[in-house]
Amino acid sequence: MVGYAELFGLAAVLTYLLTFPVRALVVRLGAVVEPGERRMHDAPMATIGGASMWLAFVAAIGVASVLPQFHRAVFAGSSAPVGVLLGATVMFVVGVVDDLIEVSAPAKLAGQVLAATVLYFLGISLFYFRIPFAGFVVLGPDLTPLFSVLWVVVMANAINVIDGLDGLAAGIVAIASGAFFIYSVRLSDAGLLSPDNIGPLLAAVVCGICVGFLPHNFHPAKIIMGDAGALFLGLLMAASTMVVGGRTADPFSGQTYFFFAPLFIPFVILGVPLVDTVFSVIRRAAKGVKVAEADKDHLHHRLMRLGHGHRRAVVILWAWTAILSGVVLYPTFSHQGNALIPFGVLALGVALYTLFHPGVRTRRMAS
């Protein structure tokens, strides 16, 4: 745990410090987002804050590679660390290009697929795809690349969807990666996660870079992560979940919900962005609007229209993600309550929709 704590701290401090020169550089280069109808800022905002995250991530992984604890177990003889670095770099570049010139949706998707393909060919892929209440499906060589690439693309765009309020995406990913790290440690303690698995290391570093970025990004933000940061974080979360949840068919005490459907973990812990992504696609399709066209009906926009301030809306969604994380982590410590998790998650989802769907504001205004 000491090694993980050191890398978390290193990633956080480096991200915090590097964001100062990154912000100065992007402002000088004119990489700023102008106020607009879909923007929550009323003044030009420096973007590409993901650059400091990427630099800190590369540095933290470099340090980890020379620490005896990780060098022998994770880096020696494995292509996974190189795959994550290269895949994350490709995704970061795709985001930077989109932040600067706003490439078309097909071109952006092609870049995401390229990043995911790099991960796959260097050893980051799914072996099993687990279905809640139905066990798992063994992915053969024909399905493994398809499911692996789709997982990365879905996760990256899910994080990108929620990057609409200051500190929202960074805070949610910090909570998600922190919870996922705790979960990974529990699996290691149970002997179900091999010491050479890179998943816990990725989760600890991702949590660190998000915590380090938040002081610059919380409202009123001085810089936003942009697509460069959101897509980059999404790929890292996808990689960590693939190597932890998609690599073993062993049960966890025969009861634990995590191993009954371990790939459901991202949907639970990252419930806010993923559920919002689904609703966003359905909503736009129903309106006859292009799926790739942004709007202002995401959960965070609805919270603002319900009268919550910028900071309060962000904290509400942070709290919801933390509660979801606590619900799914509790049985790993108590060894009981697995059967209640699906009902608890469903109840939280219903409460979220009931409180924040667009009709709430209309009824309140009418009364």
Could you tell me whether any residue of the stretch 205-216 is among the small types (Gly, Ala, Ser), crowded, with 24+ Cβ neighbours inside 10 Å and under 26 Å from Val27 (Cβ atoms)?
-> yes
In the stretch 42-81, which residues are of a type in the set (A, V, I, L, M, F, W, C) and out of contact with any helix residue (DSSP H, G or I) (no Cβ under 9 Å at 6 or more places or on another chain)?
-> Ala43, Met45, Ala73, Ala76
Could you grab the pairs with beta carbons closer than 7 Å, sequence gap of 6+ or different chains, first residue in the stretch 169-184 and farther than 17 Å from Met53 by Cα, second one of a type in the set (Gly, Ala, Ser) and part of a helix (DSSP H, G or I)?
-> Ala179/Ser325; Phe180/Ala203; Phe180/Ser240; Phe181/Ala203; Phe181/Ala204; Ser184/Gly199; Ser184/Ala203
Note: among Ser65, Ser79, just one is surrounded by fewer than 16 Cβ atoms within 10 Å (Cβ to Cβ), under 24 Å from the mean Cα position of the chain (by Cα) and touching a residue at least 24 places away in the same chain (Cβ under 8 Å), namely Ser79
Under 13 Å from the mean Cα position of the chain (by Cα) and either surrounded by fewer than 21 Cβ atoms within 10 Å (Cβ to Cβ) or in a helix (DSSP H, G or I) (or both): does that describe Leu202?
-> yes
Those residues that are in contact with a helix residue (DSSP H, G or I) (Cβ under 8 Å, 6 or more places away or on another chain) and surrounded by fewer than 24 Cβ atoms within 10 Å (Cβ to Cβ), I need them from the stretch 185-199; list them, please.
-> Val185, Arg186, Ser188, Leu192, Leu193, Pro195, Asp196, Asn197
Would you mind stating whether Val118 is surrounded by 16 or more Cβ atoms within 10 Å (Cβ to Cβ), among the aliphatic types (A, V, I, L, M), at pLDDT 90 or above and over 18 Å from Ala238 (Cβ atoms)?
-> no
Does Ala221 fit the bill of being over 23 Å from Gly87 (Cβ atoms), buried (at least 18 other Cβ atoms within 10 Å of the Cβ) and either of a type outside the set (A, V, I, L, M, F, W, C) or touching an Asp or Glu at 6+ places or on another chain (Cβ under 6 Å) (or both)?
-> yes
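Here's the yes/no breakdown for (1) β-branched (Val, Ile, Thr); (2) touching a strand residue (DSSP E or B) at 6+ places or on another chain (Cβ under 9 Å); (3) assigned to a helix (DSSP H, G or I); (4) within 21 Å of Asp227 (Cα to Cα):
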| position | (1), (2), (3), (4) |
| --- | --- |
| Gly9 | no, no, yes, no |
| Thr19 | yes, yes, yes, yes |
| Met53 | no, no, yes, yes |
| Gln69 | no, no, yes, no |
| Val84 | yes, no, yes, yes |
| Met91 | no, no, yes, yes |
Of the criteria (1) touching a His at 6+ places or on another chain (Cβ under 9 Å); (2) at pLDDT 85 or above; (3) not β-branched (Val, Ile, Thr), which one Leu201 fails | (1)
Take Asp99 and decide whether it is touching a residue at least 24 places away in the same chain (Cβ under 8 Å) and in contact with a strand residue (DSSP E or B) (Cβ under 9 Å, 6 or more places away or on another chain).
-> yes
If Leu126 satisfies every condition in (1) buried (at least 20 other Cβ atoms within 10 Å of the Cβ); (2) touching a residue at least 40 places away in the same chain (Cβ under 8 Å); (3) assigned to a helix (DSSP H, G or I) but one, which is the exception?
-> (3)
Would you mind telling me which numbered condition in (1) in contact with a strand residue (DSSP E or B) (Cβ under 6 Å, 6 or more places away or on another chain); (2) free of Cβ contacts under 8 Å to residues at least 12 places away in the same chain Met45 fails?
-> (2)
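The values are calculated or read from the model by the stated rules, or taken from the named source; none is laboratory data. Since the structure is predicted, the reported quantities are computational estimates derived from the model, not experimental observations. All Cβ positions, even for glycine, are placed from backbone atoms using ideal geometry, and neighbour counts span all protein chains on display.
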